[in-house]
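Chemist: Let me begin by handing over the structure; questions about it come next.
The values are calculated or read from the model by the stated rules, or taken from the named source; none is laboratory data. Remember, it's a predicted structure, so these values are computed and weren't measured experimentally. A quick note on method: Cβ atoms are made from the backbone with ideal geometry, for glycine too, and the neighbour counts reach across all protein chains shown. Side chains included, ligands, DNA and RNA excluded: accessible areas come from the protein's heavy atoms. Shrake-Rupley method; radii C 1.70, N 1.55, O 1.52, S 1.80 Å.
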Amino acid sequence: MAIDIESAWTALGGDPALVSRVTTVERPGTLPARLPVRELARACVGACALAAAELAARRAGFAEVPEVRVDDGAVAAAFLSERHLLVGGRAPVAFAPLSRFWRTTDGWVRTHANYPHHQARLLGALDLPADASADTVAARLAEHTAREAEEAVYAAGGLAVALRTPTEWQAHEQAAEVAARPLIERERPTTAPTRVLAPLDPAAAPLLPAAGLRVLDLTRVLAGPVATRTLALLGADVLRVDAPWLPELPDLHADTGFGKRSATLDLSAVPGTFEELLASADVVVTGYRPGALDRFGLSPKALSARRPGLVVAQVSAWGAYGPWGARRGFDSLVQVATGIAATEGSAERPGALPAQALDHGTGYLLAAAVLRALTEQSYDGGGRFVRLALARTAHWLTDGIRPASASGAPYEGPEAWLAETDGPLGRLRHARPPVAFAGGPAGYARPPVPWASDSARWR
């Protein structure tokens, strides 16, 4: 499968003829890597922008889909949005001290401990006190093999993954399960009347293809929030709902919270409130590990049964199948498991992609899948279920066919694609949205609000 906009659009079920509406501005200096990261980023954003333009044309009654423009500079800035962010002039904290690579007796293991509960589980698995230093953790992990550390930390509910080469990953059962799935899983689980989307004024500026749609955002780091931030950009009323005891990291919330409202809800204590939200939702996006929400009756099947015609979008690290289907994961860990870290560095000294491209790329594909589902529903109704996984996006990146190299426009840095916005969180420097089509929005309508500052109800 080629790594280009046409392949991504085909995976979304789009009409191949519409790819001709896309113009790309290639900038070879962006997102440098051994793997085709720039091409993947361009493909994901381009497919998302085309899906937005297609839905806009459908709702506004255009005879032709608006032209789409994908600029590698804008895409690169967006894929590094969490690094470009400044909050009141302060740079964000990217990774906590215990989120890193560690030497083991036979190689390397990478841990993720940005959240306090993940750090506590990591230290518990290693039988270390809560105030253990990085040197103490290093000494303890150096006593184990990478696979021993991976299994011990996972068993304790933490996050650690042993470094694997591409060959080692290909021999893993989870890799076979991932490779057997399409890049974007698309199902039609329920029947329902054809969705009648309110028409858009073709002269409106900007043209917002998701205007009037309600999106319940049950996602966390990073792919899901990128997808729902994109739907908010396009006019959707996005309400992010978190558990009160799982606060989001402030800088990450600032980066991905544009256009959204933020509320907390204890589903076990007040289930009726969620039912009220679901009763008038058009889309539900979930980003927790598969099965984590099932005990609250929030599996895709249960949601579709209670709200016929709903679009349910699910994103996970490893996929909702195979021996790792129920495991937690993050972009950095998927890179380590799937051989990307070894490819970008080596088995002796692992590297990383120039951006969290699995998160961002999967996020834009997830938003595109939602937009395409809404367009399809406007013709023939029915509920929709779309599912993506970071590991499947990684498979596309590592096994896909790299497009032929092309010359392009000069790249002089990200400044042209950064903006400053004042809001409740202070002055933010942030990346501009890369999803662009003729007549569409050029920027976010609202800055992010403080976490949990809204009530759990629709406006």
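Chemist: Can you confirm whether region 361-375 contains a residue that is open to solvent by 50 Å² or more (accessible area, probe 1.4 Å) and either of a type in the set (S, T, N, Q) or within 29 Å of ALA56 (Cα to Cα) (or both)?
Modeler: Of the residues in region 361-375, the ones open to solvent by 50 Å² or more (accessible area, probe 1.4 Å) are none.
No - not one qualifying residue is present in region 361-375.
Chemist: Can I ask one more? Among the residues of region 118-139, how many are open to solvent by less than 70 Å² (accessible area, probe 1.4 Å), without any contact (Cβ under 8 Å) to a residue 40 or more places away in the chain and not small (Gly, Ala, Ser)?
Modeler: To start, the set of residues in region 118-139 that are open to solvent by less than 70 Å² (accessible area, probe 1.4 Å) comprises 118-120, 122-126, 128, 132-134, 136-139.
Subset that is without any contact (Cβ under 8 Å) to a residue 40 or more places away in the chain: 119-120, 122-126, 128, 132-134, 136-139.
Still in the list and also not small (Gly, Ala, Ser): 119, 122-123, 126, 128, 136-137.
Of the residues in region 118-139, 7 are open to solvent by less than 70 Å² (accessible area, probe 1.4 Å), without any contact (Cβ under 8 Å) to a residue 40 or more places away in the chain and not small (Gly, Ala, Ser).
Chemist: Please specify each residue of region 105-139 satisfying the condition of being out of contact with any Phe, Trp or Tyr (no Cβ under 9 Å at 6 or more places or on another chain), β-branched (Val, Ile, Thr) and assigned to a helix (DSSP H, G or I).
Modeler: Selection gives THR136 alone.
Chemist: Of everything in region 12-52, what is farther than 30 Å from GLY345 by Cα and among the small types (Gly, Ala, Ser)? Give them in sequence order. Reasoning before the result, please.
Modeler: Going residue by residue through region 12-52, those that are farther than 30 Å from GLY345 by Cα are 12-23, 48-52.
Across region 12-52, the qualifying residues are GLY13, GLY14, ALA17, SER20, ALA49, ALA51, ALA52.
Chemist: Return the residue satisfying two criteria in turn: it lies in region 420-436 and is under 14 Å from LEU231 (Cα atoms) and not β-branched (Val, Ile, Thr), and of such residues it is most open to solvent (accessible area, probe 1.4 Å).
Modeler: At the first step, the residues of region 420-436 found to be under 14 Å from LEU231 (Cα atoms) are 433-436.
Okay, now just the ones that are also not β-branched (Val, Ile, Thr), so 433-434, 436.
Values: PRO433: 19, PRO434: 7, ALA436: 37 Å².
My answer is ALA436.
Chemist: Can you confirm whether region 403-413 contains a residue that is aromatic (Phe, Trp, Tyr) and open to solvent by less than 20 Å² (accessible area, probe 1.4 Å)? Steps first, answer last, please.
Modeler: Initially, region 403-413 is screened for residues aromatic (Phe, Trp, Tyr), giving 411.
Adding the requirement that they be open to solvent by less than 20 Å² (accessible area, probe 1.4 Å) leaves none.
No.
Chemist: Of everything in region 229-254, what is of a type in the set (Val, Ile, Thr) and either free of Cβ contacts under 8 Å to residues at least 60 places away in the same chain or within 15 Å of VAL449 (Cα to Cα) (or both)? Give them in sequence order.
Modeler: Correct list: VAL238, VAL241.
Chemist: While we're on this one: Would you point out the residue of region 238-267, among those that are out of contact with any helix residue (DSSP H, G or I) (no Cβ under 7 Å at 6 or more places or on another chain) and polar (S, T, N, Q), that is surrounded by the most Cβ atoms within 10 Å (Cβ to Cβ)?
Modeler: Ranking the qualifying residues of region 238-267, first place goes to SER262.
Chemist: Grab the helices (runs of 4 or more DSSP H) fully contained in region 321-390, keeping just those with 1 or more residues being in contact with a strand residue (DSSP E or B) (Cβ under 8 Å, 6 or more places away or on another chain) and under 20 Å from ALA149 (Cα atoms).
Modeler: Counting at least 1 such residues, we get 331-337, 340-344.
Chemist: Residues in region 121-153 that are touching a strand residue (DSSP E or B) at 6+ places or on another chain (Cβ under 7 Å) and within 30 Å of ARG34 (Cα to Cα): how many?
Modeler: Of the residues in that region, 7 qualify.
Chemist: Then there is this: With the requirement that a residue be under 30 Å from GLU177 (Cβ atoms) and either touching a Leu at 6+ places or on another chain (Cβ under 7 Å) or without any contact (Cβ under 8 Å) to a residue 60 or more places away in the chain (or both), what does region 387-417 give you? It would help to see each step written out before you state the result.
Modeler: From region 387-417, those under 30 Å from GLU177 (Cβ atoms) are 387-403; that's our starting set.
Those that are under 30 Å from GLU177 (Cβ atoms) and either touching a Leu at 6+ places or on another chain (Cβ under 7 Å) or without any contact (Cβ under 8 Å) to a residue 60 or more places away in the chain (or both): LEU388, LEU390, ARG392, THR393, ALA394, TRP396, LEU397, THR398.
Chemist: Further question on the same structure: For region 163-194, which positions are more than 23 Å from the chain's Cα centre (by Cα), hydrophobic (A, V, I, L, M, F, W, C) and buried (at least 16 other Cβ atoms within 10 Å of the Cβ)?
Modeler: ALA192
Chemist: Go through region 252-272 and give me each residue that's in a strand (DSSP E or B) and under 16 Å from the mean Cα position of the chain (by Cα). Let's see the steps before the verdict.
Modeler: Of region 252-272, the ones in a strand (DSSP E or B) are 261-264.
None - no residue of region 252-272 is in a strand (DSSP E or B) and under 16 Å from the mean Cα position of the chain (by Cα), so the list stays empty.
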